[in-house]
Every structure is written in structure tokens, then in C-alpha cells.
Amino acid sequence: GQQVMQIPQYQHVQEGEDFTTYCNSSTTLSNIQWYKQRPGGHPVFLIQLVKSGEVKKQKRLTFQFGEAKKNSSLHITATQTTDVGTYFCAGRDNQGGKLIFGQGTELSVKP
Amino acid sequence: EPEVTQTPSHQVTQMGQEVILRCVPISNHLYFYWYRQILGQKVEFLVSFYNNEISEKSEIFDDQFSVERPDGSNFTLKIRSTKLEDSAMYFCASKWGDRDTGELFFGEGSRLTVL
């Protein structure tokens with residue numbers, strides 16, 4: 001079945017450093033979404049990417065969808081302590097509507 | 001702002017007991033989901049529900065699990081005979097629009113502890 005892999009599992013950065021998490025799918029995706037989960041919280045939607053090669057920005061966050069629609073990345077510039085949490089990618093393949101989550105990357109930011 | 005609400009926030013039960021987790025999705029949403037998250041692990045898809053029937057389910061969602069939308073507002077997940085490995089946070093989610101796109105709105109979750 002469809003698998004979504006995400007690396008790294010953990011990332012510890014100093015405040016002000018950049019952060020990137022990478023997501024790879026075993027199948028071609030129809031779209032990919034990114035969610036953020038704060039410690040003790042629930043996943044909160046960040047963005048959806050649909051088109052091959054798409055790049056979207058939200059302030060310090062940059063999201064990319066690969067040309068083959070099998071991989072994606074989230075890059076945070078100049079991290080802040082408010083960025084702390086686990087970032088999940090979640091992909092839908094072309095076969096169905098269910099959203100499959102990656103393992104998540106837990107980001108900690110040292111002030 | 002409309003939100004998905006879940007009850008209870010925490011349930012402790014004995015192995016073999018039945019558990020019902022309740023969710024009230026956002027009112028104009030059409031698609032409903034249950035996901036679970038074992039502590040510190042990823043969010044795992046259990047089941048999706050549309051037009052009063054299951055549209056997709058995962059291997060985790062075996063005969064011990066069932067979902068129901070008994071009225072126009074509630075969406076429930078029942079576990080018939082809980083096992084220790086069912087201990088997890090269970091998230092309900094909903095969305096509007098078409099099946100293959102659009103963000104999921106998650107509830108705060110129901111933590112299930114099976115002793």
C-alpha cells in the first residue's frame with residue numbers, strides 16, 4: 001500500500017537557524033498537505049500542494065512539491081521558538097481520497 | 001470559528017470492554033474521518049465516511065471497529081472489545097468539498113488508555 005516517509009525524525013536547532021523536513025511517497029500523489037502538531041495538540045493544516053513543481057510560501061515557511069509528485073519539502077527560515085512542534089506531511093495517492101501521514105519531524109528550537 | 005469537538009477527552013477502560021468515542025464534525029462538512037496516534041508516533045488513518053457509509057478503511061480498522069453517524073451531527077467510533085494495543089489518541093476529522101482535496105479539520109482528540 002501507499003507509504004509516506006519523512007526525514008529527519010528529530011531536528012534540534014538554535015533560534016535563528018533554518019530547518020528543513022523532507023517527505024517521500026512510494027506512489028505518485030494527487031496532492032500533498034502539511035500539518036503542524038504542537039506538543040499535546042492536534043494536527044493543524046498548514047498548506048496543500050497540487051501541481052507538479054509547485055512552490056508556496058507562508059511568511060518564513062516555504063513548501064515545495066516535486067516534479068514527479070512523489071516528494072515534498074518544508075523549509076523554515078530563521079526559526080523561532082513558536083515554530084516548535086511536529087511537522088507532518090500527508091499525501092493522497094491517485095487511487096483514493098484517504099490522507100496518509102508521514103512519521104513527522106519533531107522540531108525543537110533552543111532560544 | 002467552527003471546530004470539531006470530541007468527547008471524552010480521556011477514557012480509561014479495562015481490556016475487553018467496549019468503548020465509544022464521540023465526535024461532532026463541523027456542521028457543513030461532508031467527509032468524516034477517524035485517525036489514531038500512538039504516543040510519539042505518526043497519525044494513522046483508520047476510516048473515512050461519506051454519505052452515511054464507509055468510503056475507505058485501513059488494515060487497522062478490523063471487525064472490532066465500527067463507525068456510525070446516528071443523527072445529523074454526531075459521528076462515533078466504537079471499539080467492541082478493547083486490546084492493550086488500542087491505547088492511543090484518537091482524532092476525528094472532517095472536511096467539506098470533494099473527496100480528493102481540501103484540508104482536514106481535526107478535533108482535540110480522545111485519549112484512550114486500555115489497562
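No lab work stands behind these numbers, since they all come straight from the coordinates. Since the model is a prediction, treat every value here as computed from it, not as a measurement. Glycine also receives a Cβ, built like all others from the backbone with ideal geometry; neighbour counts cover every protein chain displayed.
Expressed to the nearest 5 percent, the antiparallel share of DSSP beta bridges inside chain A is 90 percent. Loop-located GluC sites (Glu not before Pro) across the range A:28-110 with a Cβ neighbour count of 11 or fewer within 10 Å are A:E67, with loop assigned by DSSP. The trypsin sites (Lys or Arg not before Pro) found in the range A:40-111 that occupy coil by DSSP, while having at most 11 further C-beta atoms within 10 Å, are A:K51, A:K59.
Max-minus-min Cα coordinates of the protein assembly as shown on each principal axis give 48, 37, 35 Å, with the largest extent listed first. The charge dipole of the protein assembly as shown, taken about its Cα centre with unit charges on the Cβ atoms of Lys, Arg (+1), Asp and Glu (-1) only, comes to about 300 debye. Straight-line cross-link reach from A:K98 at under 24 Å between alpha-carbon atoms covers these lysines, not counting any fewer than eight positions away in the same chain: A:K36, A:K51, A:K56, A:K69, A:K70, B:K42, B:K57, B:K78, B:K95. Normalising the average separation of contacting C-alpha pairs (under 8 angstrom, six or more residues apart) by the number of residues puts the relative contact order of the range B:41-115 at 21 percent.
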